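Engineer: A single structure is presented below for examination.
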Amino acid sequence: LDYPDIDEEIDITRRARKAYEGHVEAGITAMLSPSELLQLRDQLNGVFIEETVERYAVEIVAATRNLGNYLPQWKEHIRAGASPRASISLLRASMARALLAGRDFVLPEDIVALAGDILRHRLVLNFSARAEGVSEDDIIKALIETVPAA
């Protein structure tokens, strides 16, 4: 099974974000009332992601699967890149970060701030990366510096 192209992955992230609208988890100890939680979720779903910012997030994730196009010196260091689920997580977390900052829109800075935490455990490096001392964080940092921001 091949990975989706950028436009297909953007569509996947949009559909996944819609799946969270109105969805209530069962079996969780309440820290908020259901109405407060739904209000907060509605606020989160109302956070705007401009298409260029959305594309930037997806391109960073997709770049982990096509490392040679961005970081040819490390193209053989990665066994598996991040899946579209990482794009969904990066965008949802960026929406939450924006909301916590009092904004109703995501900035590229939100993507950059969260990329390491979202992607670090989703990359599988091979032995040559470890032998050369290249870490997941090194790759993520280099991709952020390489992939053009929105």
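Engineer: Here are some conditions: (1) more than 30 Å from ALA131 (Cα to Cα); (2) of a type in the set (Asp, Glu); (3) in contact (Cβ under 8 Å) with a residue 40 or more places away in the chain. GLU36 meets all but one. Which one does it not meet?
Structural biologist: Result: GLU36 passes all but (3).
Engineer: SER83 is checked against (1) closer than 21 Å to SER135 by Cβ; (2) without any contact (Cβ under 8 Å) to a residue 24 or more places away in the chain; (3) polar (S, T, N, Q) and fails just one. What number does that condition carry?
Structural biologist: (2)
Engineer: Condition first: under 15 Å from ALA62 (Cα atoms) and either at pLDDT 95 or above or out of contact with any strand residue (DSSP E or B) (no Cβ under 8 Å at 6 or more places or on another chain) (or both). Now tell me which residues in region 123-144 satisfy that.
Structural biologist: ILE140, LYS141, ALA142, LEU143, ILE144, listed by residue number.
Engineer: Taking region 94-107 on its own, how many of its residues are in a helix (DSSP H, G or I) and either closer than 20 Å to PHE127 by Cα or open to solvent by less than 30 Å² (accessible area, probe 1.4 Å) (or both)?
Structural biologist: 3
Engineer: Here's something else I'd like to know. For region 22-49, what are the residues that are modelled with pLDDT under 85 and either surrounded by 10 or more Cβ atoms within 10 Å (Cβ to Cβ) or of a type in the set (Val, Ile, Thr) (or both)?
Structural biologist: Answer for region 22-49, where residues must be modelled with pLDDT under 85 and either surrounded by 10 or more Cβ atoms within 10 Å (Cβ to Cβ) or of a type in the set (Val, Ile, Thr) (or both): GLY22, VAL24, ILE28, THR29, LEU32, LEU37.
Engineer: I would also like to ask the following. Which of (1) farther than 21 Å from ASP138 by Cβ; (2) at pLDDT below 95 is the odd one out, the single condition ARG92 does not satisfy?
Structural biologist: For ARG92, the failing item is (2).
Engineer: Which residues, taken from region 39-58, are in a loop (DSSP other than H, G, I, E, B) and without any contact (Cβ under 8 Å) to a residue 12 or more places away in the chain?
Structural biologist: Of everything in region 39-58, nothing turns out to be in a loop (DSSP other than H, G, I, E, B) and without any contact (Cβ under 8 Å) to a residue 12 or more places away in the chain.
Engineer: Within region 66-82, identify whether any single residue is within 17 Å of LYS18 (Cα to Cα), in a helix (DSSP H, G or I) and open to solvent by 70 Å² or more (accessible area, probe 1.4 Å), and answer yes or no.
Structural biologist: Scanning region 66-82, I find no residue that is within 17 Å of LYS18 (Cα to Cα), in a helix (DSSP H, G or I) and open to solvent by 70 Å² or more (accessible area, probe 1.4 Å), so the answer is no.
The values are calculated or read from the model by the stated rules, or taken from the named source; none is laboratory data. No experiment lies behind these values; they were computed from the predicted model shown. All Cβ positions, even for glycine, are placed from backbone atoms using ideal geometry, and neighbour counts span all protein chains on display. We work out accessible area using only protein heavy atoms, side chains counted, and drop any ligands, DNA or RNA first. Shrake-Rupley method; radii C 1.70, N 1.55, O 1.52, S 1.80 Å.
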